[in-house]
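Coordinate-derived values only; no laboratory data. Worth saying up front: this structure is predicted, and the values here are computed from it rather than measured. Cβ placement follows ideal geometry from the backbone for every residue including glycine, while neighbour counts extend to all protein chains displayed.
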Amino acid sequence: MVEEHESLLSFIVNPRTSQVVKVEWIDKGGARRELSAEEKSNLAKEKGQVTLEGILEQAFEAGIASVFGGTGREKDRPESGRDAKVRRLLLQPLIDNSAAKRLMRDDVLSKAVVDKLVCLATTAERNRVDTAAAPGA
């Protein structure tokens, strides 16, 4: 059962390929409408501050920093656009010549996202069942 909501996004995923086939808005009444290309683009701009590629780059950077005894980038200091660009320029050749390159491929990232979403959904469902079955619930 979906909790009270303003609107939801629904991603239709091909389970064999882990590719997103369709993205839909679901309104409060349950009506579905596929997002237009412009809406998808706007949503990506709005939500795209943290990317999987960026997270992998940061993990790679942290691994390098730990080898050299550093802590990497200060986590309390937000990264400027210029700093991010410089970090990518420095890290890209290192990533390209390592096993991490495979992890950056879209097919690998898509599969990881779908697997994680299935895991989160399973855990959420299990928690709802456990809560409902608990004494006094």
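A count restricted to the range 20-35 and to residues that are loosely packed, with under 10 Cβ neighbours inside 10 Å, within 21 Å of the chain's Cα centre (by Cα) and of a type outside the set (A, V, I, L, M, F, W, C) stands at 0. Counting the residues of the range 36-61 that are of a type in the set (Lys, Arg) and surrounded by 13 or more Cβ atoms within 10 Å (Cβ to Cβ) gives 1.
State which residue is nearest to residue 55 (Cα to Cα) when the search covers only the range 77-110 and only residues that are among the acidic types (Asp, Glu) and surrounded by fewer than 12 Cβ atoms within 10 Å (Cβ to Cβ). Among those that are among the acidic types (Asp, Glu) and surrounded by fewer than 12 Cβ atoms within 10 Å (Cβ to Cβ), it is 106. Residues that are touching a residue at least 40 places away in the same chain (Cβ under 8 Å) and of a type in the set (Asp, Glu): does the range 24-45 have at least one? So far as the range 24-45 goes, no, none of its residues is touching a residue at least 40 places away in the same chain (Cβ under 8 Å) and of a type in the set (Asp, Glu).
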